[in-house]
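Worksheet: the structure to be examined is printed underneath.
The values are calculated or read from the model by the stated rules, or taken from the named source; none is laboratory data. Remember, it's a predicted structure, so these values are computed and weren't measured experimentally. We place every Cβ from the backbone using ideal geometry, glycine too, and count neighbours over all the protein chains shown. These area figures cover heavy atoms from the full protein model, side chains too; ligands, DNA and RNA do not enter into them. Shrake-Rupley method; radii C 1.70, N 1.55, O 1.52, S 1.80 Å.
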Amino acid sequence: MPTIKDIARQLGLSSATVSRALHDADSPFVSAETRRRVREAAERLGYLPNPTGRALVTGRTNLVSLWINDPYTPYYALIGHHLQVESERRGYQPVVRGVSTQSQGAIDWQAPDGLAEGILVVDVNDPLERFLRARPAFRRPLVAMGSLCTTKVDHVRIDLYRGSVEAVEHLVATRSGRIVALMYAERDPRTEAYRDVMGRAGREPDVVPIPDEARATNRRRVRDYIEARGCPGALFCQNDDVALAAYRAALDCGLRVPDDVALVGCDGIEDTEYLEVPLSTVVHPVGEMVALAWRFLERRMADPSALPQSAVLPSRLLVRASSSCSGDTGGGDAAAV
């Protein structure tokens with residue numbers, strides 16, 4: 001692989017001059033003509049910059065580390081896309097890192113994070129708090145974001161409670177049968193909103209725990225529930241992946257959406273719009289969240305002593321055909337076919 005020394009040797013320049021020409025656009029020690037010659041030679045030889053070497057010269061790496069709960073699901077892939085676009089627009093190269101929320105140990109601080117100028121964290125609340133407790137002297141600029149983010153650092157939080165209240169109120173107003181919540185965790189704003197609305201409405205809550213968020217697992221879970229207890233009037237789902245699984249399970253059981261059972265998910269991923277019966281969902285303002293988190297990170301990198309930064313963004317219910325009032329509004333407990 002070509003190095004700075006190879007370019008310097010070919011052009012008869014010092015390695016220091018070549019390094020400045022490549023990595024320090026404001027250097028007064030390199031003329032425009034020399035900079036042009038160096039960059040043409042670098043392109044001709046196929047030179048790729050070493051971020052460590054560049055950092056030694058400029059004091060910057062232009063790397064930002066992205067800690068994401070699960071970068072392989074559609075929702076987190078959507079966030080990752082927005083993070084990629086916002087990072088590159090600002091001249092940064094993002095390094096994506098999947099961080100399991102189930103990990104019991106603190107996050108290891110190692111390359112490539114050690115080269116990152118800042119860190120953006122998405123929905124890894126518990127691991128992040130363990131990390132901060134384990135490293136009290138940690139000072140790297142860091143911004144948390146998502147629906148479950150710590151408030152101990154700069155953060156942009158999505159208020160899922162508000163949108164979930166809208167969703168459950170919508171189902172209470174349009175469905176007379178059982179309204180069931182398919183939830184991964186009790187300590188969650190969606191579960192809290194469901195219980196609060198059902199309590200105010202004088203309706204009996206029915207929270208069905210799901211073992212994980214995999215579509216195949218939840219398809220079986222919903223199918224088993226319907227076969228054991230009959231068809232509910234509506235299902236309020238932890239997220240859109242669970243709602244998609246519930247949709248498929250309902251069809252497996254010979255049921256119609258929304259005539260036999262209404263469905264509402266949560267996230268706002270694109271998949272929900274492309275079914276024969278598009279799914280209602282609680283939409284997260286992902287683009288706005290990522291852009292604001294990046295602005296917070298830029299301020300923190302520019303001024304490490306700045307006052308704490310925080311924002312709360314609302315979620316909103318998007319009603320589609322899966323929970324519409326057309327047809328049978330859910331007499332509720334008809335046995336599954």
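Descriptive notes on the structure:
- In the stretch 19-40, the qualifying residues are those that are under 18 Å from Thr61 (Cα atoms) and without any contact (Cβ under 8 Å) to a residue 24 or more places away in the chain, and the one that is surrounded by the fewest Cβ atoms within 10 Å (Cβ to Cβ) is Asp26.
- When residues of the stretch 285-311 are limited to those that are part of a loop (DSSP other than H, G, I, E, B) and open to solvent by less than 80 Å² (accessible area, probe 1.4 Å), the one farthest from Val85 (Cα to Cα): Ala306
- For the stretch 15-49, a tally of residues being more than 40 Å from the chain's Cα centre (by Cα), over 20 Å from Met1 (Cβ atoms), not in a loop (DSSP other than H, G, I, E, B) and not small (Gly, Ala, Ser) returns 6.
- Complete set of residues in the stretch 78-98 that are open to solvent by 40 Å² or more (accessible area, probe 1.4 Å) and in a helix (DSSP H, G or I): Leu78, His81, His82, Gln84, Val85, Glu88, Arg89
- Close pairs (8 angstrom Cβ cut-off, 6 or more residues apart or separate chains): free of Cβ contacts under 8 Å to residues at least 60 places away in the same chain and closer than 25 Å to Tyr274 by Cβ in the stretch 225-244, open to solvent by 10 Å² or more (accessible area, probe 1.4 Å) and in a helix (DSSP H, G or I) anywhere: Gln238/Arg190; Leu244/Arg215; Leu244/Asp271
- Restricting Arg39, Arg9, Arg20 to residues that are of a type in the set (D, E, K, R), more than 20 Å from Gln93 (Cβ to Cβ) and at pLDDT 85 or above narrows the list to Arg9.
- The set of residues from the stretch 3-18 being of a type in the set (Val, Ile, Thr) and within 21 Å of Asn62 (Cβ to Cβ) comprises Thr3, Ile4, Ile7, Val18.
- Subset of the stretch 260-277 (residues that are open to solvent by 20 Å² or more (accessible area, probe 1.4 Å) and closer than 24 Å to Asp159 by Cα): Gly268, Glu270, Asp271, Glu273
- Of all residues in the stretch 142-156, those that are open to solvent by 40 Å² or more (accessible area, probe 1.4 Å) and at pLDDT 95 or above total 0.
- Scanning the stretch 260-281 for residues that are assigned to a loop (DSSP other than H, G, I, E, B) and either in contact (Cβ under 8 Å) with a residue 40 or more places away in the chain or in contact with a Phe, Trp or Tyr (Cβ under 9 Å, 6 or more places away or on another chain) (or both) turns up Asp260, Val261, Gly268, Ile269, Leu275, Val277, Pro278, Leu279.
- Close Cβ contacts (under 9 Å, 6 or more residues apart or on different chains) running from residues in the stretch 1-15 that are surrounded by fewer than 16 Cβ atoms within 10 Å (Cβ to Cβ) to residues that are among the hydrophobic types (A, V, I, L, M, F, W, C) and in a loop (DSSP other than H, G, I, E, B) comprise Met1/Leu48; Pro2/Leu48.
- From the options Ala167, Ala181, Ala137, residue that is assigned to a strand (DSSP E or B) and among the small types (Gly, Ala, Ser): Ala181
- Residue list for the stretch 61-77, restricted to those being under 22 Å from Glu117 (Cα atoms) and either open to solvent by less than 10 Å² (accessible area, probe 1.4 Å) or in a loop (DSSP other than H, G, I, E, B) (or both): Thr61, Asn62, Val64, Ser65, Leu66, Trp67, Ile68, Asn69, Pro71
- For the stretch 145-159, a tally of residues being more than 16 Å from Ala306 (Cβ to Cβ) and touching a residue at least 60 places away in the same chain (Cβ under 8 Å) returns 7.
- Only residues that are outside any helix (DSSP H, G or I) and more than 18 Å from the chain's Cα centre (by Cα) were counted across the stretch 117-134, and they come to 1.
- Selected residue [open to solvent by 50 Å² or more (accessible area, probe 1.4 Å) and touching a residue at least 40 places away in the same chain (Cβ under 8 Å)] from Arg175, Arg135, Arg139: Arg139
Table: residues versus (1) among the basic types (Lys, Arg); (2) on the phi < 0 side of the Ramachandran plot; (3) within 21 Å of the chain's Cα centre (by Cα).
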{"position": "Ile158", "(1), (2), (3)": "no, yes, yes"}
{"position": "Val172", "(1), (2), (3)": "no, yes, no"}
{"position": "Asp196", "(1), (2), (3)": "no, yes, no"}
{"position": "Gly199", "(1), (2), (3)": "no, yes, no"}
{"position": "Glu213", "(1), (2), (3)": "no, yes, yes"}
{"position": "Arg219", "(1), (2), (3)": "yes, yes, no"}
{"position": "Arg223", "(1), (2), (3)": "yes, yes, no"}
{"position": "Ile226", "(1), (2), (3)": "no, yes, no"}
